[in-house]
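Student: One structure coming up, written as structure tokens, with questions to follow.
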């Protein structure tokens, strides 16, 4: 069935915004490699600074959902895109690590409101939600892959400050596009349902509904998502720097005229591209596999991949690339399972609040692994880093086993 004009307009607007959120998000680890060489700071200090930028991305999801109800989804999404763009323009002017910290913090605050606002807009404005959610996810994955690819490619030829400014330009264009977009944000809501500002939760309702959620199986799902977020954020933040430091990369011959290319960056981008296939496969499997059982299997694979990383680094470039591809596939394949778990283990009238907490766990609590990972890499070893990453997967898998066994269903 073809989308009507309102659905197409909302789809285009949210797809552009979703792609840009992840375009900025996944380009930051590429800059991290440059900043380590540019500024006189260690990986532990810079890791803490990047963590402070990523933390609001998740922590702001819950208040972002409340603000979307109060002030309108389109307005909030436009402010999100504009704020992210301003943050990257600020990064382009940075001459100190303090300015880097301010720019990353601004990006995190601006980006945090997108997921609750974007998903709310689709849920209230789109009739054919399934199709638009699918395209919305594809757009996000495209941004995940293109952000680091474009950043790594431009860094071959340009200074990092100019690259940061160039990355902000699509955000400016998206704001202009969004200002001209026309759609009804409540077209899919029954006429007798008020989806406007009066529907925003009061403080007492927020506390009451939250208490009910965390007295149910959702409490287990939330902690599982938090451990998945710790694995996800730690891996994606430090993998570019780890790959740069491998001996296998030093021995790779680069054709004449392309000496500035860093093979490690393109292996990282390849991982993110493979992640698109992983998310598609995971989404298809959620129709046939219980979400808890699916998460048990994928957490087991992620544990094995983390434990195997250091031994595989001695096997050559092909083995490293293959392992990174597997990381990308399963790291994104698990996401549809925990998203479906939220739907399975929460009541429909608390679904919006549930997803707000879900992104708080994924992106907010998950960002702690940036600080943890930076400390471990700086004070210990690569083996210790992947041991910590494996522990996150083991914890998530153990809780998934408990969920599959019926823990907290009451």
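Each reported figure results from applying straightforward, stated rules to the coordinates on display, with no laboratory input. This is a predicted model, so every value here is computed, not measured. All Cβ positions, even for glycine, are placed from backbone atoms using ideal geometry, and neighbour counts span all protein chains on display.
Student: Compute log10 of I(q)/I(0) for region 121-183 with the Debye formula, placing one identical point scatterer on every Cα and leaving out solvent, at q = 0.14, 0.18, 0.20, 0.24 Å⁻¹, to two decimals.
Tutor: So the normalised log intensities are -0.59, -0.83, -0.92, -1.05.
Student: May I pose another question? Quick check on packing: order 353-362, 315-324, 4-13, 224-233 by the mean number of other C-beta atoms within 10 Å, highest mean leading.
Tutor: 224-233, 353-362, 4-13, 315-324
Student: How are the Cα pair distances of region 1-200 distributed, in percent, across 5 Å bins from 0?
Tutor: Taking all Cα pairs of region 1-200, the binned fractions are 1, 8, 16, 19, 19, 14, 10, 7, 4, 2, 1, 0, 0 percent.
Student: Label residue 281 and residue 223 with points 7 Å out from Cα along Cα→Cβ: what is the distance between them in nm?
Tutor: Output for this residue pair reads 3.0 nm.
Student: Let me ask another. By how many nm would the segment from residue 41 to residue 310 lengthen if fully extended, with 0.36 nm per residue of separation less the alpha-carbon distance?
Tutor: Between residue 41 and residue 310, full extension yields an extra 94.3 nm.
Student: Where is the GNM fluctuation largest for the chain (alpha-carbon springs, 10 angstrom cutoff): 371, 87, 215?
Tutor: 215
Student: Measure off 7 Å from each Cα along the Cα-to-Cβ vector at residue 169 and residue 205, then give the distance between these two points in nanometres to one decimal.
Tutor: 4.5
Student: I want to verify a result. In a Gaussian network model of the chain, Cα cutoff 10 Å, which of these has the top mean-square fluctuation: 207, 169, 132?
Tutor: 207
Student: Nearest 500 deg cm²/dmol is fine: what mean residue ellipticity at 222 nm does the chain get from its DSSP H runs of n ≥ 4 alone, each adding -39,500 (n - 2.57), divided by its residue count?
Tutor: Here the helix-only value at 222 nm equals -26500 deg cm²/dmol.
Student: Okay, moving on. If each residue of separation counts as 0.36 nm, what is the full-extension length gain between residue 70 and residue 179 once their alpha-carbon separation is subtracted?
Tutor: 37.3 nm
Student: Another question, if that's okay. Could you sort the peptides 374-383, 42-51 by per-residue average Cβ neighbour count (10 Å cutoff), highest mean leading?
Tutor: Top of the packing list down: 42-51, 374-383.
Student: State the label only: which of (i) 56, 54, 48; (ii) 78, 64, 43; (iii) 66, 50, 41 corresponds to Cα extents along the principal axes in Å computed from the shown model?
Tutor: Computed from the coordinates, Cα extents along the principal axes in Å corresponds to (iii).
Student: Next up: Over the chain, what is the mean sequence separation of C-alpha contacts under 8 Å (at least six apart), divided by residue count, expressed as relative contact order in percent?
Tutor: 27
Student: Between the alpha-carbon centers of region 1-75 and region 266-302, tell me the distance in whole angstrom.
Tutor: 21
Student: Expected output is a single nm value to one decimal: the length gained when fully extending between residue 290 and residue 384, i.e. 0.36 nm times separation in residues minus the C-alpha distance. What is it?
Tutor: 30.5 nm
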